[in-house]
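Before any comments, here is the structure.
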Amino acid sequence: MTRDGENVVDVENLSKVFGSLKAVDGVSFQIREGEIFGFLGPNGAGKTTTINMLTTLIRPSGGKAVINGYDIQKHATEVRRSVGVVPQEYTADEDLTGIQNILLCGDLYGIPRSDSGPHSRELLKLVGLEEAADRKVSTYSGGMRRRLELASGLINYPKLLFLDEPTLGLDVQTRTAVWDYIRMLKEEYHMTLFLTTHYLEEADSLCDRIAIIDHGHIIRVGSPSELKASIGGDVIVVGVQEAGPDISQEIAGLPLVKDVKKSDHEYRIKSEIGEESSIQIIDLIRSRGLHVTKISLTKPTLDEAYLEFTGRSIRDEESSKMDAFKQRVTMMRARR
Amino acid sequence: MADDLTRSTVTAQEQAARQGTEREKTFRAAPKLNKSPLHGLWALTNRDLIKWYKNPIQLIISLVQPVVWLGLFGKAFNIAALTTNISGVSAAEVDLASFGTSSYFSYLAAGMLAFIILFTAAFAGMSVVWDRRFGFMNKAMSTPVGRGSIVTAKVLQSVVRSLIQAAIVLVIAVVLGMDTAYFSVFSVVGTFVMLFLMTFGLSSLFVMLALRSSDWQTQMAIINLLNLPLLFASNAMLPVTIMPGWLKTVIRFNPVSYAVDGVRQMLLGTGSSAVSNACTLLKDTNCYTVLAPVWVDFAVLVAFAALLSALGIVLSWRLLSK
């Protein structure tokens, strides 16, 4: 249905009001086919509420969203058929086996067992759970559960997969493994992925584009490098041995260099691409007969960009009792 | 050497190609979907039933209570023994006039069928609460399965469970000495149709009350609040004739009473002329009387089940999404 490069998700002015709380306040964004799009924001920023609206779990208070060509309000059933959802919680039934859980999901989509039977085995193999397929989920570790959720979300051949906090509470090894699966889905199956996270490094390493969301507003949308670049670029510090002629002007004239400051034996240079500029700067300094004593290159982190945009570090906000409980359960189970 | 290299390259390519097709299989075009509004209903029902029969301890514990009631209370409450010393009065006639059947035990056994169904149905809402709490409900709601199916599956699993448990209680009661004089294929089938209607209505009621709740303590409170009045303000445990007038009125509005009344008439023949003959013989003013003719019992239960299940389906549309 969607042609290459077309928007898989088209959200316009979407909002959700709970009582007096504006959980999502008029967000608009597009997701292109084949990209990993991330919602980055603190707890209570409106990430899960947005996902719940897009996956038709809750009705929007205002605005419009079209997914895979279907309006989420007018064609909810078609939207549900065409997307996969991996919720924040571990939703698998602990009393059933891995394969029973994934088959149940297939049944809920109306997929005949003749198809979901072999398909579920393939999916479990894909996430490395074929050995554990016939074991009860209560014996699974947190990472295995997360992978099972991932496999369950793929049973209906979705073109678009929603992942809500896919690595919440996981240890570093498991988190890296989950990231690998997510990248594989994009690269080898050309799936479009929409994930929410409050881990900055996760957004940085996975996402093609990030929307920073806070208090129900999208503050900024861009690729991780764009977001980082927008706060000034890489910082190169070059030390020179003797106080020679001031060549600040010449350095400033180099391509990509945005700003140069000189102190005693040091030049502090801001550049769009630090790696390229540093070579040119060294060449330039040497050609003036000066000796370079040291050089350092610092990349701005997404943390800094995030702080610049939200004004604060990521923090925990008051959330509802229910959400807090769910999150605790998720983290508790993840650590098992 | 060069050959080796070429060969290994080809093998690698072949492998990649093979892997490619394997993966294409995994992500091949979606199959034809079952789009009927009832798809997934059985899958959801079966999920709860698997959880139930894979955990027999739960079944055994739920059977303990009615069996203890039957075995201890039912056997201990030997009212006929109080009167057998009076000359000219036989124990059988006293029991027949008081309970409409040959013993209080048989009388209570029919009530216990309602008891087990009432308590099983009450917990139908509990599994809704757990599913909400642990996110399964959200997962199910993000799939195209019908909202009505989610609710109906909860009702159906409770119906199946309570009927199986009622059957077990009936067998135990017969083993312990329940009067089987009026048992026939017709009366047993009729009994289970009545119990089905009762559990269908009650399960719908309790599932409905749990739809918006994610707090199991509240749900427990609701169960206790409703269960004991439904049980004691009915004819399940004691004959209505000995109760005060206001309670008699309340009992007429309790659907459980109609199920118990119907089951007693069919399984124990409480509406037969033998009962009224015994009353005449004893000149008993508190003679056992049926609540309503069997067909009225049926009609009340059909209306009860239809009303509550329809209400449940309608509410599931409104309450399951926020």
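The values are calculated or read from the model by the stated rules, or taken from the named source; none is laboratory data. Treat the numbers as computed from the prediction; the structure is a model and nothing was measured. Cβ coordinates were reconstructed from backbone atoms using ideal geometry, including for glycine residues, and neighbour counts include every protein chain displayed. These accessible areas exclude ligands, DNA and RNA; they are computed on the full protein's heavy atoms, side chains included. Shrake-Rupley method; radii C 1.70, N 1.55, O 1.52, S 1.80 Å.
What to note about this one:
- Take each residue in A:107-117, count the other chain C-beta atoms within 10 Å of its C-beta, and the mean is 6.
- Across all Cα pairs in the range A:232-299, the calculated P(r) in 10 Å bins from zero up to the longest distance comes to 23, 63, 14 percent per bin.
- Among the trypsin sites (Lys or Arg not before Pro) in the range A:232-288, those located in a DSSP loop and surrounded by at most 16 other Cβ atoms within 10 Å of their own Cβ are A:R288.
- Those Cys residues of the protein assembly as shown for which no other cysteine Cβ falls under 4.7 Å: A:C105, A:C207
- Rounded accessible area of A:R81 (nearest 10 Å², 1.4 Å probe): 50 Å²
- Estimated distance in nm for a label pair at B:A76 and B:A91, the labels positioned 7 Å out from Cα along Cα-to-Cβ: 1.8 nm
- Counting only protein heavy atoms and a probe of 1.4 Å, the accessible surface of chain A is 48% carbon and sulfur.
- Against the empirical 2.2 N^0.38 Å (N residues), chain B has a Cα radius of gyration ratio of 1.38.
- Taken about its Cα centre, the protein assembly as shown carries a charge dipole of roughly 1780 debye when the Cβ of each Lys and Arg holds +1 and the Cβ of each Asp and Glu holds -1.
- Shielding score for A:85-91, defined as the mean number of other chain Cβ atoms within 10 Å: 5
- Once the 1.4 Å probe is applied to the protein heavy atoms, chain A comes out at 43 Å² accessible per residue.
- For chain B, with all protein chains in place and a probe radius of 1.4 Å, 69% of the accessible heavy-atom surface sits on carbon or sulfur.
- In chain B, helical runs assigned H by DSSP with n ≥ 4 each contribute -39500 (n - 2.57); averaged across all residues and rounded to the nearest 500, the mean residue ellipticity at 222 nm is -23500 deg cm²/dmol.
- Residues in the range A:41-65 occluded by at least 40 Å² - accessible area, probe radius 1.4 Å, against chain by itself: A:L57, A:R59
- Over the range B:37-319, accessible surface divided per residue gives 42 Å², non-protein components excluded, 1.4 Å probe.
- Efficiency of FRET between A:E94 and B:T289 - r from beta-carbon atoms, R0 41 angstrom, step 0.05: 0.20
- Since only B:A305, B:L96, B:N254 are under comparison, the one whose Cα sits farthest along the positive direction of the charge dipole of chain B, derived from C-beta charges on Lys, Arg, Asp and Glu, is B:A305.
- When the P(r) is computed for chain A, the part past 31 Å accounts for 42% of the Cα-Cα pairs.
- Shown here for the range A:190-253: GluC sites (Glu not before Pro) in loop regions (DSSP other than H, G, I, E, B) with at most 16 other Cβ atoms within 10 Å, namely A:E242.
- Euclidean distance between Cα centres, the range A:269-304 to the range A:131-155, Å: 48 Å
- Counting all C-alpha pairs of the range A:92-229, share separated by more than 18 Å (%): 58 percent
- Of A:D246, A:D234, A:D180, the residue with the greatest mean-square motion in the GNM of chain A, using alpha carbon springs below 10 Å, is A:D246.
- In the elastic network of chain B, a GNM with C-alpha springs shorter than 10 Å, the most mobile of B:I116, B:I164, B:I50 is B:I50.
- Computed about the Cα centre, the dipole magnitude for chain B is approximately 1100 debye when only Lys and Arg (+1) and Asp and Glu (-1) carry charge, each at its Cβ.
- Accessible-area loss of 40 Å² or more (1.4 Å probe, protein heavy atoms, chain alone versus all protein chains) is found in the range B:131-162 for B:R133, B:F134, B:F136, B:N138, B:K139, B:S142, B:T143, B:P144.
- Unit Cα scatterers, Debye sum, the protein assembly as shown: log10 I(q)/I(0) for q = 0.08 Å⁻¹: -0.74
- The protein assembly as shown - share of DSSP beta bridges that are antiparallel (%, nearest 5): 70 percent
- Taking the chain by itself as reference, the range A:177-203 contains these residues with an accessible-area loss of 50 Å² or more in the full protein complex (1.4 Å probe, heavy atoms): A:Y189.
- GNM result for chain A, Cα springs below 10 Å: residue of A:S28, A:S248, A:S271 fluctuating most strongly: A:S248
- Buried area at the B-A interface (accessible, heavy atoms, 1.4 Å probe, summed, Å²): 3900 Å²
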